[in-house]
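What follows is a short report on a single structure.
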Amino acid sequence: MSKLTAAITAVGAYVPEFVLTNKLLETMVDTNDEWITSRTGIKERRILKDNDKGTSFLAIKAAEDLLKKSGTNPEDIDMVLVATATPDMPVAATAVYVASHIGAVNAFAYDLQAACSSFLYGMSTAAAYVQSGRYKKVLLIGADKMSSIIDYTDRATCIIFGDGAGAVLFEPNEEGLGLQDEVLRSDGIGREFLKIEAGGSLLPPTHETVAAKQHFVHQDGKTVFKYAVSNMADVSEKIMQRNNLQHSDVNFLVAHQANKRIIDATASRMGVDESKVLINIEKYGNTTSATLPLLLHDFEHLFKKGDNLVFASFGGGFTWGSIYLKWAYDTK
Ligand code: UT7
């Protein structure tokens, strides 16, 4: 019997309507379009304006898009994973609410948090459940309402992040397609450089923590940039070497959209041509857990069955990694 692999068989996505442009940001903080574009590659991002809607709203929309496109019956889904750094609430898990809302009544569900690597780690988790033969349909959603944790008076962070969601379905494959290999890493040294200090068990929220803006994201951008460039390139190079992939064998680089300069550095180390590097950072900014599935959604029309995709991410924690996946279908 051939070895069971776990393949992505469907993709869905959702971004909110409101567009926050660089021009609009110029009216909010001391910044300008030229600085943002040249330093990050970002032109605009989407923001979920409704105060009564959380990350689950984005996740549900992305999941519903996937279900509709693929004709999947939600009752057949075994498991729903929501990768997110911005759950609806600290307790209970956002994934449970999402699963019930989309009609995945036979599934169990939970959240997975590893900052910007949440979705990449989630791919590993989802694939492992499928490869083991324990579950047949695992829905993995990457969703973040980053605008809920951003200080829109802090130009160091507010220009970077946006809201969005993407979803993929993992199913068993007997042709050897799907997830082939992974290199996943983490290092707690990173916690100091990219964090929300208050609101957790270490520093529960108080009037003082709110006044000190400790419930917002703080980032030492320069330090994170340095670690991101070397680590994302290291793991991507390693996964190519380990699987005997030449640069010409790689059809697409699917990299976390945090900064175009980080993506370019990774592609350069891999020797992968610019035409194979998927980029949509200009439209959405950094949507944290949603960047990778949003790329799959936007560029799905280019993928052919058997294509070699190399995924890469780097995020808070620090957390980072690379996954080698063979695409399993031609777009209908
Ligand atoms: O997704 C999770 C992982 N996160 C990342 O991978 C993000 C990694 N970091 C970055 O992408 C970059 O560090 C940033 C985009 C956040 C910042 O770019 P940078 O080239 O590292 O800029 P910088 O922080 O070193 O700042 C350079 C200058 C400073 O001015 P001085 O000190 O040289 O006079 C800043 O005050 O640019 C200034 N600056 C800005 N100017 C206009 C910082 N933010 C802005 C801004 N607009 N928004």
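Descriptive notes on the structure:
- Over segment 5-176, the alpha carbon radius of gyration divided by the compact-protein estimate 2.2 N^0.38 Å works out to 1.12.
- The chain - share of DSSP beta bridges that are antiparallel (%, nearest 5): 70
- Solution diffusion estimate, µm²/s, Stokes-Einstein, the chain, Kirkwood Rh from C-alpha pairs, 10 °C, viscosity 1.306 mPa s: 80
- Computed label-point distance, nm, for sites K213 and N106 using a 7 Å Cα→Cβ extension: 5.1
- Size of electric dipole in segment 1-147: Cβ of Lys, Arg +1 and of Asp, Glu -1, about Cα centre, debye, nearest 20: 460
- The chain: relative contact order as a whole-number percent, Cα under 8 Å and 6+ apart: 25
- The GluC sites (Glu not before Pro) of segment 1-79 that meet both conditions, a loop assignment by DSSP and at most 16 other Cβ atoms within 10 Å of the site Cβ, are E17.
- A simple charge model with +1 on the Cβ of Lys and Arg, -1 on the Cβ of Asp and Glu and nothing else charged puts the dipole of segment 179-326 at about 40 debye relative to its Cα centre.
- Furthest towards positive pole of dipole, L4, N51, L66, structure part segment 1-83, Cβ charges: L4
- Rounded, prolate or oblate (a/c below 1.5 giving rounded, otherwise prolate when a/b exceeds b/c) for segment 179-326 by Cα gyration tensor: prolate
- GluC sites (Glu not before Pro) within segment 131-218: DSSP coil, no more than 11 neighbouring Cβ in 10 Å: E174
- In this structure D33 has an accessible area near 40 Å², from a 1.4 Å probe over the protein heavy atoms.
- Going by accessible surface with a 1.4 Å probe and the largest first, M270, M89 read M89, M270.
- With contributions of -39500 (n - 2.57) from each DSSP H run of at least four residues, the per-residue ellipticity at 222 nm computed over the chain stands at -9500 deg cm²/dmol.
- Look at the alpha carbon pairs under 8 Å that are at least 6 residues apart: their mean separation over the length of segment 179-326 gives a relative contact order of 37 percent.
- Lysine pair count for segment 1-77 with Cα-Cα distance under 27 Å and sequence separation of 8 or more or different chains is 12.
- For segment 5-176, the antiparallel share of DSSP beta bridges with both residues in that region comes to about 65%.
- Of the residues N251, S230, I279, the one whose Cα sits farthest towards the positive end of the charge dipole of segment 218-290 is S230 (charges of +1 on Lys and Arg Cβ, -1 on Asp and Glu Cβ, taken about the Cα centre).
- Net charge contributed by nearby residues that have their C-beta within less than 13 Å of N231 (K/R +1, D/E -1): +1
The values are calculated or read from the model by the stated rules, or taken from the named source; none is laboratory data. Computed from a prediction, not measured in an experiment: that's the story for all the values here. Methodologically, a virtual Cβ is constructed for each residue, glycine included, from the backbone with ideal geometry; neighbour enumeration extends over all protein chains shown. Heavy atoms of the whole protein, side chains included, go into the accessibility calculation; ligands, DNA and RNA do not. Shrake-Rupley method; radii C 1.70, N 1.55, O 1.52, S 1.80 Å.
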